[in-house]
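The structure appears below as structure tokens.
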Amino acid sequence: MKKLIAVLATLVALTSCALGFAACSSDPRPTLNVYTNAGFAPYEYVNEYGEVVGVDIDIMEEIGEALGYNVVINDIDFGLIMEEVGKNELAVGAAGMTKTDERDEAALASISYAVSVQYVIAPKDSLDDKVVDGKVSLADLAGKKIGVQEATTGDYLVSDEIDENGEIEGTGVLEGTNATKTSYTNAIVASGDIGANIDVVVIDKLPAQSIVSGNANLECYELSEEPEQYVLYFNKNATELVAKVNKVLEKLIENGVIDYFTVKHSGGIVG
Ligand code: GLN
């Protein structure tokens, strides 16, 4: 019976296509809408052919293949991803998204598939006197004009230390130092403004290394902060889907496939 229904569904899909219906798709599988922001290499970026590619995209293709979904990639503002995920049961945020308590309240997280840490991108040699064991601390950014990608963990971290939200006075290490925060749509745009309107950019490790590898005037350092876990975020009602996705992710991690995707999209800069 299930087979018959599948055959009928395919026929309906094909007929609608032949008749030229707007929503026609030759793929009879249900669509899994992936929301991402393609300014975050190696996880998602636009390649030379104008396609959105990257580690997260490869992971989602594997998941689609394993679970029978037609994966459709939507490149939107990072700050809008959680909203889209909230609207549709077959939606997923795949954008190097760090697991946070706030996001966990709004959506269902998969298991972690990568670990990252915040980095600071700065003009070459400008932080030389601050670096200890290859790292700098947030307090070392006192008085600096700091660029971030809007609505990211880097954004929240800097806001908290400047005490932008006026939480508890005197608790932010950048409070009262004249440090400022400017938000950008992504870290590539932000980094392009270093030396003009900002001094440094705070963003996740691999995107920072990717940006610096393409610009001889910049360098980047690890910020001594807590590591962050990357997860996929799903609609609150997608419990069964998340359980299935976790099984696929476990296999991809176990078999070294995610490591392989990371190297493949990093052009040798992973480290
Ligand atoms: N990991 C960071 C976050 O989740 C940044 C993600 C991104 O910019 N794509 O907020």
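What to note about this one:
- Any chance residue 132 is surrounded by fewer than 15 Cβ atoms within 10 Å (Cβ to Cβ), within 12 Å of the ligand (Cβ to nearest atom) and either more than 30 Å from residue 218 (Cβ to Cβ) or of a type in the set (A, V, I, L, M) (or both): no
- Selection from region 131-149 of residues that are assigned to a loop (DSSP other than H, G, I, E, B) and in contact (Cβ under 8 Å) with a residue 60 or more places away in the chain: 131, 134, 137
- Filtering region 223-241 to residues that are over 18 Å from the mean Cα position of the chain (by Cα) and modelled with pLDDT of 95 or more leaves 223, 236, 237, 238, 239, 240, 241.
- Inter-residue pairs, beta-carbon under 7 Å, first under 21 Å from residue 210 (Cβ atoms) and of a type in the set (Asp, Glu) and in region 25-44, second in a loop (DSSP other than H, G, I, E, B) and within 16 Å of the ligand (Cβ to nearest atom), 6+ apart: 44/37; 44/38; 44/54
- Any hit, region 133-152, residues being aliphatic (A, V, I, L, M), touching a helix residue (DSSP H, G or I) at 6+ places or on another chain (Cβ under 6 Å) and under 18 Å from residue 227 (Cβ atoms): yes
- Test: residue in region 165-179 that is within 16 Å of the ligand (Cβ to nearest atom) and modelled with pLDDT of 95 or more: no
- Taking each residue of region 64-83 that is under 9 Å from residue 35 (Cα atoms) and looking for partners that are among the hydroxyl-bearing types (Ser, Thr, Tyr) and away from the ligand (no atom under 16 Å from the Cβ) with beta-carbon atoms closer than 9 Å, six or more apart or interchain, yields 72/31.
- Screening 263, 200, 245 for residues that are among the aliphatic types (A, V, I, L, M), more than 25 Å from residue 53 (Cβ to Cβ) and out of contact with any Leu (no Cβ under 6 Å at 6 or more places or on another chain) leaves exactly one candidate, 200.
- Test for residue 125: is it more than 17 Å from residue 209 (Cα to Cα) and either of a type in the set (D, E, K, R) or touching a residue at least 24 places away in the same chain (Cβ under 8 Å) (or both): no
- In the set 212, 117, 200, 189, only one residue is buried (at least 24 other Cβ atoms within 10 Å of the Cβ) and touching a residue at least 40 places away in the same chain (Cβ under 8 Å); that residue is 200.
The values are calculated or read from the model by the stated rules, or taken from the named source; none is laboratory data. Quick caveat: nothing in here was measured; it's all calculated off a predicted structure. Note that each Cβ is placed from the backbone with ideal geometry, even for glycine, and that neighbours are counted across all protein chains shown.
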